[in-house]
Amino acid sequence: MGLSTVHSDSAENTIDRLITLIKRDVRSQSYKESFIEKLLASSIDYIIYMKEYKVFELAEVSYDRKCEKVKLKTLYKLINIEDKYFKNLYK
């Protein structure tokens, strides 16, 4: 098990941000985006998106082989910042 941090605008944007960071390496520029997405999806289980020191979203990461795309399943999402209530979307 490992942990890491990355700066992005949302949970959905995190995979794109990681792809951009990986492609900055000259040795990785020849890799197709689909290969990098598959690699990231097999390496990352969850994305915790935080803003202003609060957990805004928790998403489970998977890879859809039919579409060849990373899929995020929202498990929790902050819905009322003032009252600090979380809505459980995992059903």
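The values are calculated or read from the model by the stated rules, or taken from the named source; none is laboratory data. Source: prediction; values computed, not measured. Don't worry about glycine lacking a Cβ; one is built from the backbone with ideal geometry, like all the others, and counts go over all protein chains shown. Heavy atoms of the whole protein, side chains included, go into the accessibility calculation; ligands, DNA and RNA do not. Shrake-Rupley method; radii C 1.70, N 1.55, O 1.52, S 1.80 Å.
Per-structure values
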item	result
Helix-only CD estimate at 222 nm, as mean residue ellipticity for the chain, using -39500 (n - 2.57) per DSSP H run (n ≥ 4)	-8000 deg cm²/dmol
Order by protection proxy (mean Cβ within 10 Å, highest first), peptides 26-38, 48-60	48-60, 26-38
0 to 90° range, to nearest 10: angle between helix 33-43 axis and the chain longest Cα axis	50 degrees
Principal axis dimensions, largest first and in whole angstrom, of the range 1-45 by Cα	25, 22, 16
Accessible surface ranking that places the most exposed of Ser4, Ser43 first, with a 1.4 angstrom probe	Ser4, Ser43
Whole-percent carbon and sulfur share, accessible surface of the chain, 1.4 Å	51 percent
Compactness of the chain - radius of gyration and Dmax, Cα, Å	14.5, 47
Folded to 0 to 90 degrees: helix 11-23 orientation relative to the chain principal axis, Cα	30 degrees
Inter-probe distance in nm under a simple model that places probes 7 Å from Cα toward Cβ, at Tyr76 and Thr20	2.7 nm
